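The values are calculated or read from the model by the stated rules, or taken from the named source; none is laboratory data. Predicted model, so just to flag it, every value in this text is computed and none were measured. Cβ: placed from backbone, ideal geometry, glycine included. Neighbour counts: every protein chain shown.
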Amino acid sequence: MMDPIFNPDAIETWAKSVGIFQLMNTQWGWPTAEIIHFFGLCLLIATVGMFDLRMMGVARGVSMKALHKLVPFGIAGYAMCVITGFMFVVSAPGQYIYNPAIQTKLTLMAIAGVNVVVFYLTTSRAVSSLGEYDLPPIPARLIGFVSLACWLGVITAGRLVTFFRPPEFWCLWCVPG
Amino acid sequence: MTEIFTAIEQSPFSIFMREDFYAYFIALIFHSIGMALLIGGGILVSLRVMGLAPGARLERFAGFFPVMWAGLALAVLSGIALLAAYPAKALTNPVFGLKFASLIAAAVLMRWMVQRYFPLAAAGQALPPRAKWLAAITLSLWLGGVVFGKLLLHTSTMLMVS
């Protein structure tokens, strides 16, 4: 099978040319990036994930408008995850690109991204105007559920990456050749 | 100790956890979700006590506790199953002790804050200045539990079974 989109060797060569590969392969490079990645995930779940729970109707009495002010911490956590995740992938592209756990993780991230856009285009105003004890409308509860399910799925898929290392090979976009 | 590890590793449950196609995999999934719910809630309460999101009433954050308890139950049960699979690998690693010490200390501190600060917040009184420091320490301990858990992979030295 031939990959018309990604060239793992070229990606790794690029990572070496900019020093990411060397940094990640120092004694503490990889573990440090993992720690930052997990800090990011913690921030994301603690802010966005808990906001999702509140949207689902948990912890009524906590103001959603006030809770929403913590979302920038979740965005910071997301950025930490994206940067370190990028460093993992470019430093060992063959381990990640064709890994079903990573593909599942990225798919769930994409669904979560679309879900966020839907939230801000549809129910965010209604949610921010609700009182402390109000139950959010059904679409908002649904959006909260999808978001939380996606982020928990992202964490789980990330944890399972080591189960699907080569020779595991998933490539729906590859062509014979 | 080696005899104890060997006895655990030869038990039917330990063998099942290692050799069944799905057992270890499913336990890891539950452990990830349980830890995320437990620590996510813990960090959120710590951030709130530190003074963030002041418009949200602190005492109402108790509404998140049932989810955290569910997360704790999930994490502990799946953690026991994971530990049963490779007891020597975890129990001979000092980092495993650090993970537990961090999480237990975080839980104890959080309980202390809940017992003292939630009634103050409910009565409309200001929290003492040291509350922010305690919350910052609690937050660090929750994060420490995650970090030490992650570092287990890089620091274990003893594997009696594969």
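Some observations on this one:
- Residue within region A:65-73 that is surrounded by fewer than 16 Cβ atoms within 10 Å (Cβ to Cβ), over 24 Å from A:Leu135 (Cα atoms) and either free of Cβ contacts under 8 Å to residues at least 40 places away in the same chain or within 14 Å of another protein chain (Cβ to nearest Cβ) (or both) present: no
- Matching entry among B:Leu134, B:Leu143 (being closer than 18 Å to A:Ile35 by Cα, surrounded by 14 or more Cβ atoms within 10 Å (Cβ to Cβ) and modelled with pLDDT of 95 or more): B:Leu143
- Contact map, region A:123-148: residues that are in contact (Cβ under 8 Å) with a residue 60 or more places away in the chain paired with residues that are among the acidic types (Asp, Glu), Cβ distance under 6 Å, separation 6+ or inter-chain. Pairs shown: A:Gly144/A:Asp52; A:Ser147/A:Asp52; A:Leu148/A:Asp52.
- B:Lys99 satisfies every condition listed in (1) within 13 Å of another protein chain (Cβ to nearest Cβ); (2) touching a Gly at 6+ places or on another chain (Cβ under 8 Å); (3) under 24 Å from B:Gly63 (Cα atoms) except (3).
- Any hit, region A:21-31, residues being touching a Pro at 6+ places or on another chain (Cβ under 8 Å), more than 10 Å from chain B (Cβ to nearest Cβ) and surrounded by 15 or more Cβ atoms within 10 Å (Cβ to Cβ): no
- Odd one out for B:Ile29 among (1) surrounded by fewer than 17 Cβ atoms within 10 Å (Cβ to Cβ); (2) touching a Lys or Arg at 6+ places or on another chain (Cβ under 8 Å): (1)
- Residue match in region A:114-125 (condition: over 23 Å from A:Met2 (Cβ atoms), among the β-branched types (Val, Ile, Thr) and within 14 Å of another protein chain (Cβ to nearest Cβ)): no
Residue by residue, here is whether (1) touching a Phe, Trp or Tyr at 6+ places or on another chain (Cβ under 8 Å); (2) under 30 Å from A:Pro8 (Cα atoms); (3) not polar (S, T, N, Q) holds:
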{"residue": "A:Ser63", "(1), (2), (3)": "no, no, no"}
{"residue": "A:Lys69", "(1), (2), (3)": "no, no, yes"}
{"residue": "A:Ala92", "(1), (2), (3)": "no, yes, yes"}
{"residue": "A:Gln95", "(1), (2), (3)": "no, yes, no"}
{"residue": "A:Ile102", "(1), (2), (3)": "yes, yes, yes"}
{"residue": "A:Lys105", "(1), (2), (3)": "no, yes, yes"}
{"residue": "A:Ala126", "(1), (2), (3)": "no, no, yes"}
{"residue": "A:Leu130", "(1), (2), (3)": "no, no, yes"}
{"residue": "A:Pro139", "(1), (2), (3)": "no, no, yes"}
